[in-house]
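A.B. asks: Right, I'll just put the structure down here and ask away after.
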Amino acid sequence: MNLLSIGGSDPSSGAGIQSDIKTFSSFNVHCLTVVTAITSQNTSNFGIVEPVSQKILKDQILSVMSDFKIDGIKIGMVYNSDIIKILHTKLRKLKIPIVVDPVIKSTTGGMLIEKTAIVDFQKYIIPLATVITPNKYEAEILSKSKITSKKSTSMVAKKIQRMGAKNVVITGAQTGSKKISDFILEKHKEYYISGEKINSINHGSGCNYSAAIVFALAKNKTIEESLRFAQQFTHNSIKNAKKVGKGIVITEIQD
Ligand code: PLP
């Protein structure tokens, strides 16, 4: 199986493309990569972002698509409108699972998308999504609505679904002292998936989650099976997180 990760480079290897290579490799899957932007960041600070040119973005896509059978795609950091529009044009006709992790800001505070590109993200990237995985903060920005209750969680998810995503997961929609729950909106049903909460400020868990979902979907699991699998996988990666740098811990995948 070949899975494609489209996103940003993170030199600390905690998130982004480098993290997805680790996740897909742990599933014995070949990880193809299309880099949208190069970031400078570590476990304490986020430095700068340099998006790649349109020319090299298009040629990376051509390189992987002309050679490999791609079984699923994960889209992470897309950064600007030029990148967003190219991805839309190249991916819109594909009939494979696409998981969109709509990252806006890193845990260390770096902007992963230009503010002015959010409208194009809604218009061109959200409709590509078999599953989109915003956290509460990202869901509020994408829907321009506040999440304050179960009812507003469902309304926010429906707004994002109306933008074109087939299935919407709002991660960490509810948190208690021992449990954390994701809210899921499929075509005709909505439900929560709960797991044991780990108090952790880490780098990489969102990337691990979305990458695990696309793997399960590519293996023909249902949406619910894929989300349960990915929640457990992410729980383990957070539990095994390591302090490798001077700042926050990086999630770790164990075979
Ligand atoms: N850097 C890149 C390139 C990313 O793609 C992401 C998330 O997708 C992050 C940083 C943010 O990671 P975190 O919020 O886990 O620190």
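The values are calculated or read from the model by the stated rules, or taken from the named source; none is laboratory data. What you see is a predicted model, and the numbers here were worked out from it, not measured in a lab. For neighbour counting, all protein chains shown are included, and Cβ atoms are generated from backbone atoms with ideal geometry for every residue, glycine included.
A.B. asks: May I ask you to verify whether Ile86 is farther than 27 Å from His203 by Cα, in a helix (DSSP H, G or I) and touching a helix residue (DSSP H, G or I) at 6+ places or on another chain (Cβ under 7 Å)? It would help to see each step written out before you state the result.
C.D. replies: Numbers: farther than 27 Å from His203 by Cα: yes; in a helix (DSSP H, G or I): yes; touching a helix residue (DSSP H, G or I) at 6+ places or on another chain (Cβ under 7 Å): yes.
Against the criterion (farther than 27 Å from His203 by Cα, in a helix (DSSP H, G or I) and touching a helix residue (DSSP H, G or I) at 6+ places or on another chain (Cβ under 7 Å)), Ile86 qualifies.
A.B. asks: Please go through the range 221-242 and give me each residue that is free of Cβ contacts under 8 Å to residues at least 24 places away in the same chain and within 11 Å of Gln254 (Cβ to Cβ), ordered by number.
C.D. replies: Asn236, Asn240, Lys242
A.B. asks: Looking at the range 106-118, I want the residues that are at positive phi and have a partner that is at pLDDT 95 or above with Cβ atoms under 8 Å, at least 6 apart or on another chain. Which pairs are those?
C.D. replies: Gly109/Phe46
A.B. asks: Is it fair to say Lys95 is under 24 Å from Ala230 (Cβ atoms), in contact with a strand residue (DSSP E or B) (Cβ under 8 Å, 6 or more places away or on another chain) and either modelled with pLDDT of 95 or more or not in a strand (DSSP E or B) (or both)?
C.D. replies: No.
A.B. asks: If you take the residues of the range 97-124 that are closer than 24 Å to Lys219 by Cβ and either within 16 Å of the ligand (Cβ to nearest atom) or of a type in the set (Val, Ile, Thr) (or both), which of them is surrounded by the most Cβ atoms within 10 Å (Cβ to Cβ)?
C.D. replies: Going through the qualifying residues, I end up with Val99.
A.B. asks: Criterion first (basic (Lys, Arg), in contact (Cβ under 8 Å) with a residue 40 or more places away in the chain, buried (at least 22 other Cβ atoms within 10 Å of the Cβ) and more than 9 Å from the ligand (Cβ to nearest atom)) does Lys69 satisfy it?
C.D. replies: So Lys69 does not fit the description; no.
A.B. asks: Does Lys136 meet the test of being within 29 Å of Glu224 (Cβ to Cβ) and surrounded by fewer than 19 Cβ atoms within 10 Å (Cβ to Cβ)?
C.D. replies: Working: within 29 Å of Glu224 (Cβ to Cβ): yes; surrounded by fewer than 19 Cβ atoms within 10 Å (Cβ to Cβ): yes.
Considered against the rule, which asks whether it is within 29 Å of Glu224 (Cβ to Cβ) and surrounded by fewer than 19 Cβ atoms within 10 Å (Cβ to Cβ), Lys136 comes out as yes.
A.B. asks: Run down Lys90, Lys85, Lys74 and say which single residue is modelled with pLDDT of 95 or more, surrounded by 13 or more Cβ atoms within 10 Å (Cβ to Cβ), in contact with a Phe, Trp or Tyr (Cβ under 7 Å, 6 or more places away or on another chain) and within 22 Å of Ala165 (Cα to Cα).
C.D. replies: Lys85
A.B. asks: Pairs only if they're at least six apart or on different chains, beta carbon under 7 angstrom, first in the range 201-216 and touching a residue at least 40 places away in the same chain (Cβ under 8 Å) and of a type in the set (A, V, I, L, M), second near the ligand (Cβ under 6 Å from one of its atoms) and not in a helix (DSSP H, G or I); list them, first residue then second.
C.D. replies: Listed by first residue and then by second, the contacts come to Ile201/Thr107.
A.B. asks: Considering only the range 156-203, how many residues are more than 20 Å from Ile98 (Cα to Cα), among the hydrophobic types (A, V, I, L, M, F, W, C) and either in contact with a Pro (Cβ under 6 Å, 6 or more places away or on another chain) or crowded, with 16+ Cβ neighbours inside 10 Å (or both)?
C.D. replies: 4
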